[in-house]
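Here is the structure we will look at.
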Amino acid sequence: MKCPICLKFNYNYNDTISILCKFCKALINTKANKYNYYNHGEQNLPDKNKRMMRLKNSQSRFDIIKNFCKGEDLFIDIGCGSGEMLEIAKKYFKNIIGYEHGKILFNSLKLKYNVYNRNFNIKDISNLNKENGIVISICHVLEHNFNPVNLIYKIINKIKYPVLIYIEVPLYTGYSFKKYQYNYKLWYDQHLALYNMKTLEFISKKLKLKIIDSGFRVFYSDNINKKEIIKLLFANTCEFIKSLFEKKTHSNIMDYVKKDYGYILLKN
Ligand SMILES: [Zn+2]
């Protein structure tokens, strides 16, 4: 079976469900299906409460990204879903565009935002200000795609301006996968693999992009459970204290205790 990320053949089966890739360290899901997201598999429209959570989650991503921004004009969200990153981006950018394959999601966004129901095309940004640079976010997209290196390359290779790329993916090295294993809600047939931070480094190296920051995240609603923080503290005090020391100023405690998602910030 070919690894969906490094494209090397790998015969070291972990078990029948997963393969740990010895080259890029991804945990490959042998039961994953290749979806055509134009036709099926898109996420549901969020209710009011879920939307609020996603807005807060998007804000916490921008709390990381804005530390590295230098007055960029344009924000591009690849796989913009229900549009919360586009909404928060209004605070920071004059020009904002999004891409979403899911038809229902796209239709819910098209009157409010500058969005496209297809892949990125360099012509889409020809009339937009971008001389001061472009910020691109690719959140929870790579794990759905075969050959994510090529996906990113096709977006950035024709851009002649400074680009900052924020990538976020689910990790198998985090607390939730360790606890729930193949019952983890993010281990399902749409995810071709779950990542390791080394997998993100592999992708950066392949694309010859410079890593300017990396770290851990959890979804906003997963990080407010105080009881769980106390449980984790007593379950593994050394690990917990180590996490507090590694924590970056723009992250919260749960990001570094659970480490369920990894992010990486790259520039060209
Ligand atoms: Zn691999």
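The values are calculated or read from the model by the stated rules, or taken from the named source; none is laboratory data. The model shown is predicted, which means the values in this text are computed figures rather than measured ones. Here the Cβ positions follow ideal geometry from the backbone for every residue, glycine too, while neighbour counts run over all protein chains shown.
Scanning region 60-82 for residues that are assigned to a helix (DSSP H, G or I), farther than 25 Å from N119 by Cα and either free of Cβ contacts under 8 Å to residues at least 40 places away in the same chain or not small (G, A, S) (or both) turns up D63, I64, K66, N67, F68. Restricting attention to region 160-185, the residues being under 12 Å from L27 (Cβ atoms) and either in contact with a His (Cβ under 9 Å, 6 or more places away or on another chain) or among the polar types (S, T, N, Q) (or both) number 4. Mind checking which residues of region 105-143 are part of a helix (DSSP H, G or I) and closer than 21 Å to L209 by Cα? Residues satisfying the conditions are I122, L142, E143.
Each row is one residue, and each column tells you yes or no for (1) touching a Pro at 6+ places or on another chain (Cβ under 9 Å); (2) part of a helix (DSSP H, G or I); (3) surrounded by 14 or more Cβ atoms within 10 Å (Cβ to Cβ).
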{"position": "Y180", "(1), (2), (3)": "no, yes, no"}
{"position": "L186", "(1), (2), (3)": "yes, no, yes"}
{"position": "L200", "(1), (2), (3)": "no, yes, yes"}
{"position": "I203", "(1), (2), (3)": "yes, yes, yes"}
{"position": "I211", "(1), (2), (3)": "no, no, no"}
{"position": "K227", "(1), (2), (3)": "no, yes, no"}
{"position": "K231", "(1), (2), (3)": "no, yes, no"}
{"position": "M254", "(1), (2), (3)": "no, yes, yes"}
{"position": "I264", "(1), (2), (3)": "no, no, yes"}
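The residue list L171, L192 contains one member that is more than 21 Å from F68 (Cβ to Cβ), in contact with a Gly (Cβ under 6 Å, 6 or more places away or on another chain) and within 16 Å of the ligand (Cβ to nearest atom), which is L171. Annotation note: of L20, L7, the sole residue that is modelled with pLDDT of 95 or more, of a type in the set (A, V, I, L, M) and under 25 Å from K205 (Cα atoms) is L7.
Among the conditions (1) within 16 Å of the ligand (Cβ to nearest atom); (2) β-branched (V, I, T); (3) out of contact with any Cys (no Cβ under 9 Å at 6 or more places or on another chain), I28 misses just one, which is (3).
Summed over region 1-25, the residues that are more than 14 Å from the ligand (Cβ to nearest atom) and touching a residue at least 40 places away in the same chain (Cβ under 8 Å) give a count of 1.
Of all residues in region 105-141, exactly one satisfies the criterion of being free of Cβ contacts under 8 Å to residues at least 12 places away in the same chain and within 28 Å of L194 (Cβ to Cβ), namely F106. If you go through region 1-41 and keep only what is farther than 18 Å from M197 by Cα, charged (D, E, K, R) and under 19 Å from the mean Cα position of the chain (by Cα), you end up with just K34. Which condition from (1) away from the ligand (no atom under 16 Å from the Cβ); (2) on the phi < 0 side of the Ramachandran plot; (3) in a loop (DSSP other than H, G, I, E, B) is the one that G41 breaks? Here G41 meets the rest and fails (2).
The sole residue among I104, I96 that is surrounded by 17 or more Cβ atoms within 10 Å (Cβ to Cβ), among the aliphatic types (A, V, I, L, M) and either out of contact with any His (no Cβ under 9 Å at 6 or more places or on another chain) or more than 23 Å from R54 (Cβ to Cβ) (or both) is I96.
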